[in-house]
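Shown next, in structure tokens, is the structure this report addresses.
The values are calculated or read from the model by the stated rules, or taken from the named source; none is laboratory data. Predicted, not measured: the structure shown is a model, and the values here were computed from it. Cβ: placed from backbone, ideal geometry, glycine included. Neighbour counts: every protein chain shown.
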Amino acid sequence: MKFLNFLVLLLLLSCGSSGIKREIDDQGYQTSGIEQYFLPEIPAWANYSAAGMCFKSSSFTYFDFKKLIESFQLSYDEMIELQGQYNSRVENYYRSTATKFLKPVEQASFFSNTLEQVRGGVRSFKIPRVDAVDIIWLDSFIHDKKIGDLKLMLKNGKFDERLPILFSSCFSRGAIAQWITENDLEDAGFYTLGAEWLAPFSVEGKPAPSLRIDLGKMLPAGTKINFITSGPHSVLSEVVKSP
């Protein structure tokens with residue numbers, strides 16, 4: 001009987017120590033330092049694009065570019081890629097699981113793996129060297145109910161003139177791809193650029209007054225940018241190009 005009691009005691013101690021270890025591990029991940037590179041999450045009621053006149057399809061994670069530069073000496077295009085690829089990785093994870101929450105260990109793993117890929121030269125937004133591109137602002141066509149105009153452009157060969165990039169102020173790249181399929185626009189051969197690629201920082205890593213992306217640092221040098229919106233009243237302020 002004493003021996004049996006001793007075994008039970010060992011079992012209880014083992015379970016207790018395992019629980020403590022898991023708790024310590026979790027606490028370790030919570031204080032791993034990765035969170036310092038994330039800006040505070042935008043609440044749902046404020047997760048809105050005034051330019052696109054739409055609520056964003058996801059709660060995107062925006063990075064602190066100033067701290068990324070200090071810690072990793074990343075260039076602007078690398079930081080944009082890091083943020084874009086990280087959000088795409090999280091979005092794909094959420095789609096493949098029932099959960100909508102990242103554990104600290106998963107958050108740290110996604111960040112470090114994505115950082116390693118970007119520093120290794122992996123690029124998700126990779127445009128071939130061309131003379132000019134068309135930036136088609138999807139949100140303006142949706143807001144003005146002019147999707148038919150996009151289909152007419154496709155039929156008339158408009159998207160054959162320059163490389164077409166379909167941009168959204170609110171949709172992720174994954175959501176844009178789904179929208180293209182639902183609206184039978186696969187033949188347009190769109191490259192896509194989603195809202196998770198915008199950042200509230202300048203090329204130098206200084207805070208900017210709004211979310212934006214500087215395509216001058218993302219496209220091959222000398223590429224001319226032409227904007228296509230639903231009408232002359234539409235102004236796309238979130239895509240800029242430095243001199």
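A few comments on the model shown:
- If you go through segment 175-193 and pick out every residue that is more than 19 Å from the chain's Cα centre (by Cα) and either part of a strand (DSSP E or B) or not aliphatic (A, V, I, L, M) (or both), you end up with 7.
- The listed residue being of a type in the set (V, I, T) and in contact with a Ser or Thr (Cβ under 9 Å, 6 or more places away or on another chain), out of T192, T223, T181: T192
The rows are residues; the columns are (1) surrounded by 16 or more Cβ atoms within 10 Å (Cβ to Cβ); (2) in the same structural domain as W137 (by TED's automatic domain parsing); (3) without any contact (Cβ under 8 Å) to a residue 24 or more places away in the chain; (4) within 28 Å of L166 (Cβ to Cβ).
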site: F55; (1), (2), (3), (4): no, no, no, yes
site: Y62; (1), (2), (3), (4): yes, no, no, yes
site: F65; (1), (2), (3), (4): yes, no, no, yes
site: E78; (1), (2), (3), (4): yes, no, no, yes
site: S88; (1), (2), (3), (4): yes, no, no, yes
site: Y93; (1), (2), (3), (4): no, no, yes, yes
site: S96; (1), (2), (3), (4): no, no, yes, yes
site: K103; (1), (2), (3), (4): no, no, no, no
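- Test result for R212, basic (K, R), closer than 27 Å to T61 by Cα and without any contact (Cβ under 8 Å) to a residue 40 or more places away in the chain: yes
- E196 among the charged types (D, E, K, R), under 25 Å from L74 (Cα atoms), at pLDDT below 95 and within 22 Å of the chain's Cα centre (by Cα): no
- Some residue of segment 144-163 being under 17 Å from G189 (Cβ atoms), of a type in the set (A, V, I, L, M, F, W, C), touching an Asp or Glu at 6+ places or on another chain (Cβ under 8 Å) and not in a strand (DSSP E or B): yes
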